[in-house]
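Worksheet for the structure shown next.
The values are calculated or read from the model by the stated rules, or taken from the named source; none is laboratory data. Being a predicted model, the structure only gives us computed values, none of them experimental. We place every Cβ from the backbone using ideal geometry, glycine too, and count neighbours over all the protein chains shown. Note: accessible area is taken over every heavy atom of the protein model, side chains too, but ligands, DNA and RNA are not part of it. Shrake-Rupley method; radii C 1.70, N 1.55, O 1.52, S 1.80 Å.
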Amino acid sequence: GEMKTTVVLAAVCLLAAAHTSRGESFKCGACQEVVKAIGSLADSPVPLFAVDTLAVLICEEKLPGQGGDHCRPGPDGSISWQCKDMCRGVVHEHGREVLYLITELALNPPDVCAGLKMCPPVNASTEPLYPAVNLAAQKPVVRAELPDKFDVLHVSDIHLDPLYVQGTSTDCGEPVCCHRRDGPGSSNTSAGTFGSTACDTPRVLLNAMMDHWATMPQRPLFAVFTGDSPPHNIWDQSREFNLDASREIAGALKRGLGSVPMFPAIGNHEAFPVNQFGGPRHDAYLYERLAEWWADWLPADALESLRFGGYYTALVAGNLRVIAMHSTLWASDDFFRLLKPTDFAGEFAWLEEVLRQSRALGQQAFLIAHHPPSKVAHEPNQRLLALISEYRDVVVSGLFGHTHKDSFETLQDPADPSRALRSFLVAPSITPLGGVGGLAYRFVHWASSEQEPQQQQQTAGGALRGGAAAAAPVAVRSSRIVDWTQWRGDLDEANAAGSVTFHAAYSAAEYYGLSETSPQALMDLALSMATNQTALDLFLHAYQGGNPASMPAEQAACMLATSSEEGYSNCTHSLGAPELTWEAVLKEVAC
């Protein structure tokens, strides 16, 4: 009370005196004391309470649709979920993160006072910008040589809900139902054994899928999980709740895959609060635990990189490596991007060094991440696509998730937008929430062939940067994706029969009538949808797992034929549909 008021008044007076002083050391010292004094107020519960209270009031008043009506009791005395759960739950969960950003970043004394020209510029940090990279020292994780043909199992967006209760209501008025507090459902609104489109993945569905994988005759060379273990009840979570989901998913995947190696990536729901990643040190609570649970799959240097920034690379087999990116660090809904440098976890600097060394070693790489390139913020999107374009002899493809829908996108040649440089495959979800598919995974089919020997590139000093010694010419293999097979389960049939079965829904090449699924073939397929109703209908049927879907033809064509806002805009204009904005594409994300 009075003490804090005195602190603030004294700080203001000190700052005023500093501004009029001619002594540089006094100015700097006084300024930093002021910032420290203001920041010290955050040590009490008062600021957090104030942030919570103000934010909840604003949220309750500004909710879309009905103004503040959501937060006024209805005739039965109840208050809608948007007020009770979203405003009071989500706002409270994010309050501490917002306060941290204000006090630790915006009110960092040296930075603030240097910005006010009252202190000298802050010296650059001596900490490493990214983990050390020495690719020449890495050994293959899966096997020494690449086979001529191999399959990769790709699964994404599991969203396990440990609170799911069979028989509860699927019509609870909230984004996620099927919890005990929702009460029993009626004959038409009762949560089934294996789930509901109003709910996330129950344990019984997860276990059924793992049992299916454990017994399937088709064994992949390795598997990829592109993130999102916790459910969508983001207003009613905690750090431990989300960590428990990630731990349980890791255990389930080991059970289902057995000896098949797995390469996982971090999704936006792994964090608490959702989407909020602050980079090295701030996210140690998550990265350390993931490194523990993923240790059976990843080599030591990959785990070290994961602990640092949530990203890693590993040599898979032969000359093919995986690069697991932490795409949520580039997402527009991560608050930390507002006050920190774009590459605050050193990920782009690390990625460029990995690609540079991979090229020098005659290696190829495929990217995995939660967000497809088109679904990250504008500036990271541009940087990522520029790197892939520059190193397209290294990067052969990418596997992604996040949207919950069956899709793909292509990278245009900057010099010729009608030419596709690379393609990125986007896998649908396991969770059935939202009725956009669910119960889905896929096999991605690869081919690998011998190429002419190449001389490894060297630096001016005669060695690869990062400590790797130069070597003699090596024979390399070129790998590419030639097809994928989409597998699905039918939720209604499973709930009716009391057991779930999975079937091969389609092979992409056969389904779309393609001789190959090269980047150019996929781009040409996409652009044909603007005028070819048959091609458009095939895509829309697959897009939401066989469930009804609709989309303007030009939007579908340009969404698939590009991977950036600029590319999409240029595409829709060229097709005479400039009214189809980028915002419409972003709304297609289901999670």
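A few notes on this one:
- When Glu510 is tested against (1) farther than 26 Å from Leu387 by Cα; (2) open to solvent by less than 60 Å² (accessible area, probe 1.4 Å); (3) at pLDDT 95 or above, only condition (2) is not met.
- Test for Thr193: is it within 23 Å of the chain's Cα centre (by Cα) and of a type in the set (Val, Ile, Thr): no
- Close pairs (7 angstrom Cβ cut-off, 6 or more residues apart or separate chains): surrounded by 12 or more Cβ atoms within 10 Å (Cβ to Cβ) in the stretch 493-504, charged (D, E, K, R) anywhere: Phe502/Arg488
- Listed by first and then second residue, the pairs linking a residue in the stretch 285-301 that is at negative phi and modelled with pLDDT of 95 or more to a residue that is part of a loop (DSSP other than H, G, I, E, B) and aromatic (Phe, Trp, Tyr), with Cβ atoms under 9 Å apart and 6 or more places separating them unless they lie on different chains, are Tyr285/Phe272; Leu286/Phe272; Leu286/Phe277.
Residue by residue, here is whether (1) surrounded by fewer than 22 Cβ atoms within 10 Å (Cβ to Cβ); (2) among the small types (Gly, Ala, Ser); (3) closer than 26 Å to Arg480 by Cβ holds:
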| position | (1), (2), (3) |
| --- | --- |
| Gln138 | yes, no, yes |
| Leu153 | no, no, yes |
| Ser156 | no, yes, yes |
| Asp161 | no, no, no |
| Asp171 | yes, no, no |
| Val176 | no, no, no |
| Ser187 | yes, yes, no |
| Ala198 | no, yes, no |
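- Complete set of residues in the stretch 200-257 that are among the aromatic types (Phe, Trp, Tyr) and part of a helix (DSSP H, G or I): Trp213, Trp235, Phe241
Residue by residue, here is whether (1) among the aliphatic types (A, V, I, L, M); (2) more than 23 Å from Gly346 (Cα to Cα) holds:
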residue	(1), (2)
Asn381	no, no
Ala386	yes, no
Gly398	no, no
Gly434	no, yes
His445	no, yes
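- Residue in the stretch 546-557 that is among the aliphatic types (A, V, I, L, M), within 19 Å of Pro428 (Cβ to Cβ), out of contact with any Cys (no Cβ under 6 Å at 6 or more places or on another chain) and crowded, with 22+ Cβ neighbours inside 10 Å present: yes
- For first residues located in the stretch 247-266 and in contact (Cβ under 8 Å) with a residue 24 or more places away in the chain and surrounded by fewer than 21 Cβ atoms within 10 Å (Cβ to Cβ), partners that are of a type in the set (Gly, Ala, Ser) and not in a helix (DSSP H, G or I) and lie 6+ apart or on another chain with Cβ distances below 9 Å form the pairs Arg247/Ser229; Glu248/Ser229; Val260/Ala223; Pro261/Ala223; Met262/Ala223.
- Residue check, Arg383 touching a Phe, Trp or Tyr at 6+ places or on another chain (Cβ under 7 Å), of a type outside the set (Ser, Thr, Tyr) and either assigned to a loop (DSSP other than H, G, I, E, B) or surrounded by fewer than 24 Cβ atoms within 10 Å (Cβ to Cβ) (or both): yes
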